[in-house]
Amino acid sequence: MKYSCVIWVVILVLLQGCAGTRNSYKSLMENRDDVSAVYLKVGETKEVLAISHGFPGWWGVYPAIISLSPEIASVSCKQQRSLIPFRAPGLILGGRVCYVSANSVGNTWLKQGNEFTLSSDLANIQTDGIKLYVDEN
């Protein structure tokens, strides 16, 4: 009995270590006037991406997100751990959580991709970008 409990604990711990992402920006998306976008107020900060480190690793493709106009909305990432089981970033190996902060009124694009090749060029932004609007308080 004790042996099987130990095996189950080990399995649960190993599952916590799996690499994965949570695209938090999807819960922020709203439809206004037939435009699907993220709408924020000046001074507001929201989570947009969570990345968990773990087995088998990212093998050269590490998720990231950038803002094409950092003066309107900037993205910053912090190393964190989640106390909620089976949620990125993991409890044991941790990971990074990225937040977008609305700095000034305007609109911009957020672009998600590989951290090592992600750039702020405007090619294909209409198809794979996330529109972001920042309004007054």
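Worth a mention:
- Where a residue in the range 97-108 is under 30 Å from H53 (Cα atoms) and its partner, wherever it lies, is part of a strand (DSSP E or B) and of a type in the set (D, E), with Cβ under 9 Å and at least six apart: V97/E47; C98/E47; Y99/E47; V100/E47; A102/D135
- Residue match in the range 66-74 (condition: at pLDDT 95 or above and not in a loop (DSSP other than H, G, I, E, B)): yes
The values are calculated or read from the model by the stated rules, or taken from the named source; none is laboratory data. Keep in mind that this is a model prediction, so the values were computed, not measured. Because the Cβ atoms are built from the backbone with ideal geometry, glycine has one as well, and the counts that use them run over all protein chains shown.
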